[in-house]
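Chemist: Below you'll find the structure I mean.
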Amino acid sequence: MWFFRYENNHSFGLVFLTIVQGLVGANFVSAELTMPAPTDSEVSSLAARRELLLQAIRERRVLTFIYRGHSRTVELHACGVSSKGEPVLHGYQTGGGSASRPPPGWRAFSIAEIRDLALGLETFPGARDGYSPNELRLDPLWAELPAADPTD
């Protein structure tokens, strides 16, 4: 019988995989594999994505990307590192698909799972009603839109 345990430290993409083979009445065998640190191209890819996300927030431009097999159109509201140490973006999905629920709606996306990230030409006026930056708990917070002014 084989047992697998997988842990992922998203800060630097280090992966620890422990494989334990156990049989009734037999001794356990254990091995640990540490994946190498990210390559320069992987680091620059994250840096390039981060710069594109910062530009999207500054210019209030819509993002398009593939996430978990679905095309998405998203108004980015904030990006940074989650409490789990994972780079994430938080936005309002206006178009595309989703396995969990159809848009529109608020979504959080793991940046590591985003494919074909592109900055769209379409812009949006600012933070949507219901956006509460204090609820995100991103640390560090890379960038965010200011919350909508309730007097507007």
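Laboratory data are not the source of any read-out in this text; all were calculated from the coordinates shown. Here the structure is a predicted model, which is why all the values come from computation and not from measurement.
Chemist: Could you give P(r) for region 40-144, binned at 10 Å from zero, as whole percent values over all Cα-Cα pairs?
Modeler: Spelled out bin by bin, region 40-144 gives 15, 52, 31, 2 percent.
Chemist: Please list the non-local residues whose amide H lies under 5 Å from the amide H of G80, H modeled 1.01 Å from N, same-chain partners needing a gap of 5 or more.
Modeler: Here V88, W142 satisfy the definition.
Chemist: Using the Karplus equation 6.51 cos²θ - 1.76 cosθ + 1.60 (θ = phi - 60°), what ³J(HN,Hα) coupling, rounded to whole Hz, does each residue of region 59-69 give in order, writing x for Gly and Pro?
Modeler: 3J(HN,Hα) across region 59-69, in whole Hz: 9, 6, 9, 5, 9, 10, 6, 9, 9, 6, x.
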